[in-house]
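Below is one structure, written out as structure tokens, with a few remarks after it.
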Amino acid sequence: KNQVEQSPQSLIILEGKNCTLQCNYTVSPFSNLRWYKQDTGRGPVSLTIMTFSENTKSNGRYTATLDADTKQSSLHITASQLSDSASYICVLRGNQGGKLIFGQGTELSVKP
Amino acid sequence: GAGVSQSPSNKVTEKGKDVELRCDPISGHTALYWYRQSLGQGLEFLIYFQGNSAPDKSGLPSDRFSAERTGGSVSTLTIQRTQQEDSAVYLCASSFGPAGGPVQETQYFGPGTRLLVL
């Protein structure tokens, strides 16, 4: 079983709509949790980062939440734009070492 | 440059050949990471360099894979006797370092090298 599971695997929404992407993890304890956005053919770009003690973090239209009790994080995108079409990756850093643990990503497609 | 650069951007090679992939990290970043991303798969950690410390090679899938970082800056990932299953996007990332908080450890990714082994 993957240590970081994301859902849904893919999602199609209409421009202007909101959406929420889920990330369930088993890594515990962990140092921080990040959400990355990866455009097609590009490297990932960091959107938000939360330590284990934080509950929410916003970056413009992106809001990430963290529930340490249920070991879940979500990324909420408000008023989606065509440029939001990308893969969104949930990443955890464990307390030991320098490695990050990546989810497989959610492929979001925003249609006009 | 302002970001992490990688070369070549695309590489097509025959099975059994050796390939070298290059990564130029952001100036001043002491940490450098190599990842592999196969089609439809998540990012897979390969190797991690931090300053002058011995690299963490625990993610390298076989002894055909090796990497070095010269002068604490440029890194080269070498794949010997390439196999078709090596086909993937190889991503390099750098950061100020693993410690000191989220700002310092935020990784900045390069555009990747798309490797196709025929």
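The values are calculated or read from the model by the stated rules, or taken from the named source; none is laboratory data. Fair warning: this is a prediction, and the values are worked out from it, not measured in the lab. Cβ placement follows ideal geometry from the backbone for every residue including glycine, while neighbour counts extend to all protein chains displayed. Accessible surface areas use protein heavy atoms only, side chains included; no ligands, DNA or RNA. Shrake-Rupley method; radii C 1.70, N 1.55, O 1.52, S 1.80 Å.
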For region B:15-56, residues shielded by at least 50 square angstrom of accessible area compared with the chain on its own, probe 1.4 Å: B:Leu43
If you check each cysteine of chain A for another cysteine whose beta-carbon is under 4.7 Å away, which ones come up empty? A:Cys19
Sulfur and carbon atoms: percent of accessible area, chain A [1.4 Å]: 47 percent
Under 15 Å, Cβ to Cβ, from B:Lys17 - net charge with Lys/Arg +1 and Asp/Glu -1: -1
Each residue of region B:79-92 in order: what ³J(HN,Hα) in whole Hz does its phi give by Karplus 6.51 cos²θ - 1.76 cosθ + 1.60, θ = phi - 60°, with x for Gly and Pro? 10, 9, 6, 4, 10, 4, 6, 7, 4, 4, 9, 9, 10, 10
What is the sum of charges around A:Gly16, taking Lys and Arg as +1, Asp and Glu as -1, for the other residues whose C-beta is under 12 Å from the C-beta of A:Gly16? +1
Mean accessible area per residue over the protein assembly as shown (1.4 angstrom probe, all protein chains present, square angstrom) is 48 Å²
Whole-Hz Karplus couplings 3J(HN,Hα) for region B:8-18, θ = phi - 60° and coefficients 6.51, -1.76, 1.60, Gly and Pro as x, run x, 6, 9, 9, 10, 9, 8, 3, x, 7, 8
For region B:10-80, the Rg and Dmax computed from alpha carbons only, in angstrom: 12.6, 37
Read phi for every residue in region A:52-65 and hand back ³J(HN,Hα) as whole Hz from Karplus 6.51 cos²θ - 1.76 cosθ + 1.60, θ = phi - 60°, with x for Gly and Pro. 5, 8, 8, 9, 8, 8, 10, 9, x, 7, 9, 10, 9, 10
Give the separation of the Cα centroids, region B:1-46 to region A:1-65, in Å. 23 Å
Kirkwood Rh for the protein assembly as shown from C-alpha pairs, in Å, is 18.2 Å
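Could you order the peptides B:70-79, A:34-43 from most to least packed, using the average number of other C-beta atoms within 10 Å per residue?
The most tightly packed comes first, giving A:34-43, B:70-79.
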Estimate for me the total accessible surface buried between chains A and B (protein heavy atoms, probe 1.4 Å, no ligands or nucleic acids), in Å² to the nearest 100. 1500 Å²
To the nearest 0.05, how large is the calculated FRET efficiency for B:Gln80 and A:Asn59 if R₀ is 30 Å and r is the Cβ-Cβ distance? 0.15
Report, to the nearest whole %, how much of the accessible area of chain B belongs to carbon and sulfur atoms, 1.4 Å probe, protein only. 49 percent
Those residues in region A:25-56 that give up at least 50 Å² of accessible surface, probe 1.4 Å, once the partner protein chains are present instead of the chain by itself are A:Pro44
Provide the solvent-accessible area of B:Lys15, counting protein heavy atoms only and rolling a 1.4 Å probe, rounded to the nearest 10 Å². 130 Å²
Hey, can you grab everything whose amide H is under 5 Å from the amide H of A:Ile101? Only 5+ residues off in sequence or another chain; H modelled, so Pro and N-termini drop out. A:Leu92, A:Arg93, A:Gly94
